[in-house]
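Down below is the structure, laid out as C-alpha cells.
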Amino acid sequence: MRICGIDPGTRVVGFGVVDDLGGRVALVEAGTATAPASKPLAERLAKIRDQLNAVLVRTRPDAVVVERAFFGENPQSLIAMGEGRGIALVCAHDSGAALFEYSPAEIKKAVTGSGGATKARVAAMVAVLLGTKLDAFKSDATDALAASLCHAQRRHLMRATSTSAASPEIEALLARAQGSRRRRGRGR
C-alpha cells in the first residue's frame, strides 16, 4: 500500500510518500510544496494546491494521511492551520485515495513511543525507520513522513489484532474504531 502523509500549512506544506510492504516501509518521495509569504493568501493556497495535486497524481497513493489540527494559544495560527488543512483535505479527496487523520500526539507516539516527543526525536526516528540521513529532509517533510509511518503502523496493528483470537471487548473496540473512520468519510 502506498501512503502519502501531509503536514499542512499556508506557506510550506510537507509531504512524505512511503510504500508499506507488509514487514517494512520504503521511502518513495518526500519534500515540500511552497508559496511565497509575500503573496496574498488565496494565491498561496492555490499554488500549494497545484503542487500537492501534482505530487498525488505522480505518486498515486492508496491512502492520504493529514495531520489533524491541534489546539494552541494563538488563534491566528489555528486559523492558518485550518486553511492549510482545508487545501490538503480537498487534494486528498480529489485524488480518490482513502483519507485518514491523526493528531500530532498520535503521530509522535507511533513513531517514537512518546506522544510528547520533540521534533528532533521524531526526525531521528524517521531517519532510522527509513534508513536515511538525519538531515535528509526539511522538518515539514519529516513530519509528513512521520504521519505516513504512523498510518503504516496502525495498519499493521489492525491487521495483527484482527487475525488473532481477540476477546469480545477488543473486537467491539476495533469495530467501533473502524465504524468511526467510515463515518468521517475516509472512503473513496
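A short reminder: the numbers here are calculations on the coordinates, not readings from a lab. What you see is a predicted model; the values in this text were computed from it and never measured. FYI the Cβ positions are ideal-geometry reconstructions off the backbone, even for glycines, and counts take in every protein chain you see.
Which ones in the stretch 64-91 are surrounded by 12 or more Cβ atoms within 10 Å (Cβ to Cβ), of a type in the set (A, V, I, L, M, F, W, C) and under 18 Å from residue 104 (Cβ atoms)?
The answer is 64, 65, 66, 69, 78, 80, 81, 88, 89.
Could you list, in sequence order, all residues of the stretch 15-30 that are surrounded by fewer than 20 Cβ atoms within 10 Å (Cβ to Cβ), charged (D, E, K, R) and closer than 12 Å to residue 1 by Cα? Talk me through it step by step, then tell me what you get.
Residues of the stretch 15-30 surrounded by fewer than 20 Cβ atoms within 10 Å (Cβ to Cβ): 19, 21-24, 26-29.
Cutting the leftovers down to charged (D, E, K, R) gives us 19, 24, 29.
Selection gives 19, 24.
Which residues, taken from the stretch 56-87, are closer than 27 Å to residue 129 by Cα, touching a Phe, Trp or Tyr at 6+ places or on another chain (Cβ under 9 Å) and assigned to a helix (DSSP H, G or I)?
56, 59 - these are the residues of the stretch 56-87 that are closer than 27 Å to residue 129 by Cα, touching a Phe, Trp or Tyr at 6+ places or on another chain (Cβ under 9 Å) and assigned to a helix (DSSP H, G or I).
From 114, 95, 103, 139, grab the single residue that is hydroxyl-bearing (Ser, Thr, Tyr) and touching a Pro at 6+ places or on another chain (Cβ under 9 Å).
Going through 114, 95, 103, 139 in turn, just one is hydroxyl-bearing (Ser, Thr, Tyr) and touching a Pro at 6+ places or on another chain (Cβ under 9 Å): 95.
Considering only the stretch 5-47, state which residues are more than 10 Å from residue 145 (Cβ to Cβ), under 14 Å from the mean Cα position of the chain (by Cα) and among the β-branched types (Val, Ile, Thr).
Within the stretch 5-47, 6, 13, 32 qualify.
Taking residue 45, is it free of Cβ contacts under 8 Å to residues at least 24 places away in the same chain and surrounded by 14 or more Cβ atoms within 10 Å (Cβ to Cβ)?
No: the conditions fail for residue 45.
Of the residues 39, 108, only one is on the phi < 0 side of the Ramachandran plot and touching a helix residue (DSSP H, G or I) at 6+ places or on another chain (Cβ under 7 Å); which? Walk me through how you get there before you give the answer.
On the way: 39 fails: touching a helix residue (DSSP H, G or I) at 6+ places or on another chain (Cβ under 7 Å).
Criteria check complete, one pass: 108.
Scan 61, 40, 8, 36 and give me the residue that is surrounded by fewer than 24 Cβ atoms within 10 Å (Cβ to Cβ) and in contact (Cβ under 8 Å) with a residue 24 or more places away in the chain.
36 is the lone residue from the list that is surrounded by fewer than 24 Cβ atoms within 10 Å (Cβ to Cβ) and in contact (Cβ under 8 Å) with a residue 24 or more places away in the chain.
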